[in-house]
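Engineer: Dropping the structure in here first, questions after.
The values are calculated or read from the model by the stated rules, or taken from the named source; none is laboratory data. The structure displayed is predicted, hence computed values, not measured ones. Using ideal geometry, Cβ is built from the backbone for each residue, glycine included, and neighbour counts are taken over all protein chains shown. The protein model used for the area step is the full one, side chains on, heavy atoms only, and it has no ligands, DNA or RNA in it. Shrake-Rupley method; radii C 1.70, N 1.55, O 1.52, S 1.80 Å.
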Amino acid sequence: MSSRLVLMVLALLCCTNMALAQETPGPGRRPTTVMPAVLTVPAEAQPSAHFNAEAATDAYLAQIPADATARSNAYFEGGYWLVLWDFLVGAIALLVVLELGWSAAMRNFAERITRFKPLQTLIYWTEFSVVTFLLGFPLAVYEGFLRERKYGLATQTFGPWMNDQIKALLVGIVLGGILVMVLFGVVRRLPNTWWIWGAIVTIVFMAFAVFIAPPYIFPLFNKITLLEDPKITQPILSLARANGISADKVYQIDASRQTTRMSANVSGFGKTMRITLNDNLLRRGSPEEIQSIMGHEMGHYVLHHIYKDFVFFFIVIVAGFALLRWSLDWCLSRWGERWQIHGISDTAVLPAVFLLASIFFFVLTPILNTHVRTAEAEADMYGLNASRQPDGFAQGAIHLGEYRKMSPGRFEEWVFFDHPSGRNRIYAAMRWKAENLKLFEPLPAR
Ligand SMILES: [Zn+2]
């Protein structure tokens, strides 16, 4: 018990120091060069008889100041390394929990408190969540707070940021707690087929979490309100009607509480499905840009991406559980005694489960990114056809370029990008414009 306390104090001291050190050079330093906020169509992208998609793409990219490109490249490429560090730090933390006998100690503690198995699982889960939160805390502070501030993307001071972290931890304890109680119940009752039933329980639970997130979870972190301004909502709602979406509401979220990033999303499913714009987009985006992004979001909606995601993740999760069944047996036969784990229905096995799952998802990184990126490219195409705003869309890609690399190599894009790169998005928009130039008539005199 005392070692955990020491750890907690150390982690808190450590993060306070780092936070103070960061204050000196200037918190939330604004970028020195601001990218264009109002839609400005470069000469090469104006409709003309010699319109060329490549030249138009280059002209859009040339709007981004060189220092802004250098900064967003550095930020985004740093993210590649974080994929590795997150994996390694997470794996080491889980090994520490196993090797030092903490997992067995946490299980023993839960067993001393109650004889009721599901409650033992919940107590263990709470201990495990807090311990792994603390072990991962220094990296989380760097990744989620210090680094975001260094690049001028964060708007929070340490206090509110920490408050959000604690809330996220509590949400994880409650939601994750429900899932692990059910999963261990399945493992105890179905010792041979638990892996297939476990996969089914997990996907049903995922659907439940996606369903309740818009009304119950997102409001814990942000204020979500109905967008009232008819100047913005009317074009969006007529775009929705033109695409067979029966929405009569558009939501806005005060993302500026945490970040300067512009974004919009489709969340929830069934009755809770909705389109939300963030206030950074509303404040800085041109009307053409907002319409093009709404067209993209409607693409996700009309193309049933949420349901397709469930199918995709169901396959991933079944494969994951099948591998888990095999690899967990192997691990326990080798190290089970040393880690004092009594079998797969013993809650003390959880760190080993998370370790194997983190290896699985780390290896799958390019596959998962490619799945998401493919859907994003589909939504891009849908959005261009629906909104007919290729220049607004190019502008949006430039704005997103504040935190994404615009022109990666092909392999780099395949492995690390969960959206098409900015260059590819602008090129797709300009190619669309080239092939639909008649919409932008009258063409200037030849
Ligand atoms: Zn999207």
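Engineer: Show me, for segment 242-259, the HN-Hα J-couplings you get by feeding each phi into the Karplus relation (A = 6.51, B = -1.76, C = 1.60, θ = phi - 60°), rounded to Hz, glycine and proline as x.
Structural biologist: Those phi angles translate into 5, 10, x, 9, 8, 6, 10, 9, 10, 9, 10, 10, 7, 4, 5, 4, 10, 8 Hz.
Engineer: Kindly report the accessible area of the chain per residue (heavy atoms of protein chains, probe 1.4 Å, no ligands, DNA or RNA), in Å².
Structural biologist: Per residue, the chain has 49 Å² of solvent-accessible surface.
Engineer: Quick check: the angle from helix 2-23's long axis to the longest principal axis of the chain, C-alpha only, nearest 10 degrees?
Structural biologist: It works out to around 20 degrees.
Engineer: Here is a follow-up. Where the Cα atoms of segment 38-135 are projected onto their three principal axes, how long is each span, largest first, in whole Å?
Structural biologist: 79, 25, 20
Engineer: Also, I was wondering about something else. Assuming R0 = 22 Å, what is the FRET efficiency of L303 and V171, from their Cβ-Cβ distance, to the nearest 0.05?
Structural biologist: Once the sixth-power term is evaluated, E becomes 0.15.
Engineer: Okay, moving on. Between N108 and E228, what FRET efficiency follows from the Cβ-Cβ distance if R0 is 45 Å, with the result rounded to 0.05? Let's see the in-between values first.
Structural biologist: Values: r = 56 Å, r/R0 = 1.24.
Efficiency, rounded to the nearest 0.05: 0.20.
Engineer: Shifting gears a bit: So for the pair F116, S238, with labels modelled 7 Å out along Cα→Cβ, what separation do we get in nm?
Structural biologist: Each label point lies 7 Å from its Cα, and together they span 5.9 nm.
Engineer: Grab the DSSP H runs of the chain that are 4 residues or longer, score each as -39,500 (n - 2.57), total them, divide by all residues and round the 222 nm result to the nearest 500 deg cm²/dmol.
Structural biologist: Taken over the chain, the calculation gives -22000 deg cm²/dmol.
Engineer: Next question, about the same structure. Report, to the nearest whole %, how much of the accessible area of the chain belongs to carbon and sulfur atoms, 1.4 Å probe, protein only.
Structural biologist: 65
Engineer: Between Q120, Q234, Q389, where does the largest GNM mean-square fluctuation fall for the chain, given springs only between Cα atoms within less than 10 Å?
Structural biologist: Highest fluctuation of the listed residues: Q234.
Engineer: Here is a further query. Among the listed pairs K167/K223; K167/K405; K231/K438; K271/K308, which have their C-alpha atoms separated by more than 23 angstrom in this model? Present the calculation step by step, with values, prior to reporting the outcome.
Structural biologist: On the way: K167/K223 15 Å; K167/K405 31 Å; K231/K438 27 Å; K271/K308 17 Å.
Distance filter (> 23 Å) returns K167/K405; K231/K438.
Engineer: By how many degrees, between 0 and 90 and to the nearest 10, does the Cα long axis of helix 365-387 differ from the longest principal axis of the chain?
Structural biologist: 30
Engineer: Pick from T57, T260, T40: which is most flexible by mean-square fluctuation in a GNM of the chain where alpha carbon atoms under 10 Å apart are linked?
Structural biologist: Per the Cα network of the chain with a 10 Å cutoff, T40 tops the list.
Engineer: Right, another one. Give, in nm to one decimal, the length gained when the segment between R283 and S358 is fully stretched (0.36 nm per residue of separation minus the Cα-Cα distance).
Structural biologist: Here the answer is 23.2 nm.
Engineer: Beyond 19 Å, how much of the Cα-Cα pair distribution for segment 184-321 remains, as a whole percent?
Structural biologist: 58
Engineer: Also, quick follow-up: Test of understanding: what is the full-extension gain from A62 to L139, defined as 0.36 nm times their sequence separation minus their Cα-Cα distance? Before the final figure, lay out the partial values.
Structural biologist: Working: separation 77, 0.36 × 77 = 27.72 nm, distance 3.53 nm.
Separation in residues times 0.36 nm, less the Cα-Cα distance, equals 24.2 nm.
Engineer: DSSP loop trypsin sites (Lys or Arg not before Pro) in segment 170-231 with at most 16 other Cβ atoms within 10 Å of their Cβ, which ones?
Structural biologist: Those that pass, being in a loop and sparsely packed, are K223.
Engineer: Have a look at E378, E297, E337 and tell me which one the Gaussian network model of the chain (Cα, springs below 10 Å) gives the largest fluctuation.
Structural biologist: Evaluated over the chain, the most mobile residue of the options is E337.
Engineer: Measure nothing but the geometry: give the 0 to 90° angle between the long axis through the Cα atoms of 117-135 and the longest principal axis through the Cα atoms of the chain, rounded to 10°.
Structural biologist: Taking Cα atoms only, the helix is inclined about 60 degrees.
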